[in-house]
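Only one structure is covered here, and it is reproduced in the block below.
The values are calculated or read from the model by the stated rules, or taken from the named source; none is laboratory data. Note that this is a predicted model, so its numbers are computed, not measured. When we count neighbours, we look across all protein chains shown, and the Cβ atoms used for this are built from the backbone with ideal geometry, even at glycine. Surface areas here come from the heavy atoms of the whole protein model, side chains and all, with no ligands, DNA or RNA. Shrake-Rupley method; radii C 1.70, N 1.55, O 1.52, S 1.80 Å.
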Amino acid sequence: MTVNSLAFLMCFAVSVVIYYLIPQKYRWMGLLAASLLFYHWMGVDNFVYILATTATLVISTLRMAKIDEETAEELKNNKSTLSRQEKKELKARGKARKKKWLIGGVLVTNLGILLVLKYGNFFIDNVNVVLQQLGIQSVNRLGVVAPLGLSYYTLQAIGYALEVYKGKVEPEKNPFKVLLFVTYYPQLTQGPIGRYPDLAPQLFEGHKFSYHNLSYGCQRILWGLFKKAVIADHLKPLVTAIFDSYGTASGFTLFLGCIYMTLQVYADFSGYSDIVLGMSQIYGIHMMENFDRPFCSKSLSEYWRRWHISLSSWFRDYVFYPASISHTAMNFGKLGKKIFSARIRKLFPVVYALSIVWFCTGFWHDASWRYILWGVSNGVVIISAIILEPQFKWIKEKLHIQEESWWWKAFCTARTFLLIALLKVFPAGGSTAESLAIIKRVFCSFNPVFSRETMAPGMQIYELVYIAFGLLLFLIVSQIQARHTSARDYLAKKPFVVRWCVYFILIAGILGLGVFDSNMVGGFEYAQF
C-alpha cells in the first residue's frame with residue numbers, strides 16, 4: 001500500500017480524525033499506532049530489525065548520556081585536586097567510553113544489519129566471480145529481503161546517535177517515543193531523513209487542529225499526486241520503452257531517454273515528498289524540505305545542494321566534515337608536498353572526503369556497480385570543477401564573460417541539466433553491462449533523427465499532450481516559487497474563484513489524466529533504495 005493509493009489516503013484521513021480526537025498529551029501514541037499499522041500493512045514481517053535498531057539506539061544513547069554525567073560529576077567532585085592535564089585525560093577517557101557505545105551499540109549493529117540485508121548478496125556475487133575463476137565452489141546467496149525503509153531509518157537512527165554523542169541533544173528515555181521517531185510512517189519508505197532536534201519534538205508534543213495546516217497540507221498533497229500521476233507515470237513507459245531497446249535505439253534516442261528519466265524521477269520523488277510533507281503538515285508537523293528547484297542549478301554541486309536535501313546534508317554533516325578533518329585526510333595532503341602546489345595540497349582533504357561521500361552515495365542508492373559508477377562519476381565532475389576553478393575563472397576573464405548576465409546563467413543552467421541527464425546513463429541500464437552499452441551508443445552512434453518514433457517511441461499524441469500539460473504546469477509553479485518563495489502563499493492571496501479553479505484543474509488532472517492500476521496504486525521509484 002503506497003502513499004498515493006486510495007486505500008492509504010482513506011486510512012490517512014481516518015488516522016487524522018483519530019489523532020485530533022485523542023487528548024493532546026497522548027497524540028504521539030496515535031502516530032505510533034498508525035506507523036506500526038502502516039508497517040504491517042505494507043506486508044513487512046521484519047519487525048525484528050526495526051525493533052533491534054530502536055533497542056540499540058535507546059540503550060546506547062542513554063549510556064552515552066550517563067557517561068557524560070559521570071564524567072561531569074567526577075570533574076565537579078575533584079575540581080580542586082585535579083591538574084589541567086588530569087582533567088583533560090578524564091574527559092578523553094569519557095569520550096573514548098562514549099565512542100565504544102557509539103561504534104559498538106549503534107554503528108556496528110545498524111550498519112551491520114544494512115550491509116547484510118541490502119548489500120550481502122552484492123558482496124557474495126562478486127566473491128563468487130573470483131571463486132569461479134579459481135575453480136572453487138561458489139557461496140550460496142542469502143535468502144533474506146531488506147525490510148521496508150531500511151536505508152532511510154538506519155541513517156536517521158545513526159544521525160540521532162551522533163547528535164547525542166556530540167552532546168547536541170539529550171537522549172529520549174521513553175523507548176516508544178524513540179520507536180516513533182524511527183518509524184514515523186509518512187517518511188518511512190522514502191524520507192525525508194529527519195533530524196532528531198527538528199523532527200522529534202514535533203512528533204512528541206501533540207498539535208492542535210489548524211485549518212491553515214489542513215488547507216495547505218491538502219494543497220501540497222494534490223500537487224504531489226499531480227506530479228506523480230500525470231508527469232512521472234506517463235513518462236515511465238516512455239523511459240522503459242527506450243532503454244528496453246537499447247541495443248537497437250540510436251544514441252540520440254537513448255540520450256533523450258536520459259532526459260525523460262531525469263524528469264520522471266524528479267516528478268516521482270518530489271511528488272512523493274510533497275505528499276509526505278502535506279500529510280505531516282495536516283498533523284501539524286513541519287518536515288525538512290527535500291527539494292529546492294534543483295533544475296535551476298548552475299553547477300552540479302549546487303544541484304546536489306538542492307536535490308534530496310535530507311540525504312545530501314546527512315552525508316555532508318556526518319561523512320564529509322568528519323572525513324575532511326580526519327588524520328587520514330591530513331596525512332593524505334602531506335604525501336604530495338614535493339609534487340603539488342600549496343593550493344592543490346590544501347584541497348587534498350576535500351578531495352579525500354568528497355571521494356568517500358560520492359562512493360557512499362552511489363552505494364547507498366543500490367548494491368550494484370552501475371550505481372557505484374554513477375556516484376563516483378558525480379564525484380569526479382564535482383572534484384574536477386573545484387581543482388580547475390582558477391583555470392575556469394581565467395578563461396571567463398579572457399572571454400569577458402559576466403557571470404551575472406542572463407545568458408551566462410541560462411547557459412550554466414542548461415549545461416548542468418544536460419550533465420545531470422547524461423549521468424543517468426549509469427542507472428538507466430538493467431545491469432552494469434547494459435549501462436556501459438548505452439554509454440557507447442550515446443557517444444558512438446548518436447545519429448539524431450527528429451521524428452516521433454525516434455524521439456518518443458511507442459507514445460500516442462494524447463499521451464505527449466498530457467506530459468506537456470503537466471510539465472507546463474510544473475514550470476509555472478516553479479516560476480511562482482522563484483518569485484514568491486511559496487506557491488501556496490501566492491495562491492492564498494488570489495480570489496476564491498481563482499483558487500478553486502486551480503484545485504479543480506489539479507483534481508481533474510489527477511483523475512482524468514493520471515495513470516493508475518485497478519487499485520489506484522502507482523509505485524514510487526525511490527522506494528527501491
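Calculated FRET efficiency, S384 to A52, Cβ-Cβ distance, R0 = 30 Å: about 0.10 to the nearest 0.05. In this calculation the C-beta distance from S341 to S83 is compared with R0 = 30 Å, giving a FRET efficiency of 0.10. Note on surface exposure: E172, E453 rank E453, E172 by accessible area, highest first, 1.4 Å probe.
Computed from label points 7 Å out along Cα-Cβ, the spacing between Q24 and V129 is 5.9 nm.
For segment 155-196, trypsin sites (Lys or Arg not before Pro) are listed when DSSP marks them as loop and at most 15 other Cβ atoms sit within 10 Å of their Cβ; the list is K166, K168, K173. Under the convention that each Lys and Arg Cβ holds +1 and each Asp and Glu Cβ holds -1, the size of the dipole of segment 285-410 around its Cα centre is about 580 debye. Taken over segment 275-343, the convex hull of the Cα atoms encloses 110 Å³ per residue.
Helical runs assigned H by DSSP (4 residues or longer) give the chain a calculated mean residue ellipticity at 222 nm of -22500 deg cm²/dmol, each run adding -39500 (n - 2.57) before division by the residue total. Taking the accessible area of segment 1-47, probe 1.4 Å, and keeping the other protein chains in place, the carbon and sulfur fraction comes to 75%.
Distance between the 7 Å Cα→Cβ label points at L36 and D489: 4.0 nm. Here the alpha carbons of segment 1-152 define both size measures, Rg and Dmax, at 23.6, 69 Å. Using only the C-alpha atoms, the convex hull of segment 418-475 corresponds to 120 Å³ per residue. Against the empirical 2.2 N^0.38 Å (N residues), segment 311-432 has a Cα radius of gyration ratio of 1.24. Which Cα, out of N78, S60, H40, lies furthest along the positive dipole direction of segment 39-126 (beta carbon charges, K/R +1, D/E -1)? Most positive-ward Cα: N78.
Each peptide in 382-388, 156-162, 247-253 receives the mean, over its residues, of other Cβ atoms within 10 Å, and ordering these scores from highest gives 156-162, 247-253, 382-388. Of the residues F291, I467, L214, the one whose Cα sits farthest toward the positive end of the charge dipole of the chain, with +1 on the Cβ of Lys and Arg and -1 on the Cβ of Asp and Glu, is F291.
Here segment 233-342 is assigned +1 on the Cβ of each Lys and Arg and -1 on the Cβ of each Asp and Glu. Its dipole about the Cα centre then comes out at about 760 debye. Taking a ≥ b ≥ c as the square roots of the eigenvalues of the Cα gyration tensor, segment 157-226 is classed as prolate, since a/c reaches at least 1.5 and a/b is larger than b/c.
Along each principal axis, taking the top coordinate minus the bottom one, the Cα set of the chain gives 84, 70, 61 Å in descending order. Between the beta carbons of E69 and Q137, assuming R0 = 60 Å, the FRET efficiency works out to 0.65 to the nearest 0.05. With the simple model of a label 7 Å out from the Cα in the direction of the Cβ, R452 to V497 spans 3.8 nm. With the Cα gyration tensor of segment 87-159 giving a ≥ b ≥ c as the square roots of its eigenvalues, does the rule (a/c under 1.5 for rounded; else a/b larger than b/c for prolate; else oblate) give rounded, prolate or oblate? Oblate shape, in that a/c is at least 1.5 and b/c is the bigger or equal ratio. Peptide packing: for 468-481, 180-193, 59-72, the average count of neighbouring Cβ atoms within 10 Å per residue gives the ranking 180-193, 59-72, 468-481, highest mean first.
Our summary of shape: the Cα atoms of segment 240-299 have principal axis extents of 52, 27, 9 Å, ordered from largest down, in whole angstrom. Residue separation of Q479 and L511 scaled by 0.36 nm, minus their Cα-Cα distance, works out to 9.0 nm of gained length.
Over segment 385-528, the pair-distance histogram of Cα-Cα distances with 5 Å bins from zero comes to 2, 6, 7, 12, 14, 15, 16, 12, 8, 5, 2, 0, 0 percent, rounded to whole numbers.
Rounded to the nearest 20, the size of the Cβ-charge dipole of the chain about its Cα centre is 1920 debye, with Lys and Arg at +1 and Asp and Glu at -1.
Whole-percent P(r), segment 76-199, all Cα pairs, 5 Å bins from 0: 2, 9, 14, 14, 14, 11, 9, 9, 7, 5, 3, 1, 1, 0. Residue order by solvent-accessible surface for H207, H212, H400 is H400, H212, H207, largest first, with ligands and nucleic acids left out and a 1.4 Å probe. Each residue of segment 191-261 gets 126 Å³ once the volume of the Cα convex hull is shared out per residue. Within segment 371-404, the GluC sites (Glu not before Pro) that combine a DSSP coil assignment with at most 15 other C-beta atoms in a 10 angstrom radius are E403, E404.
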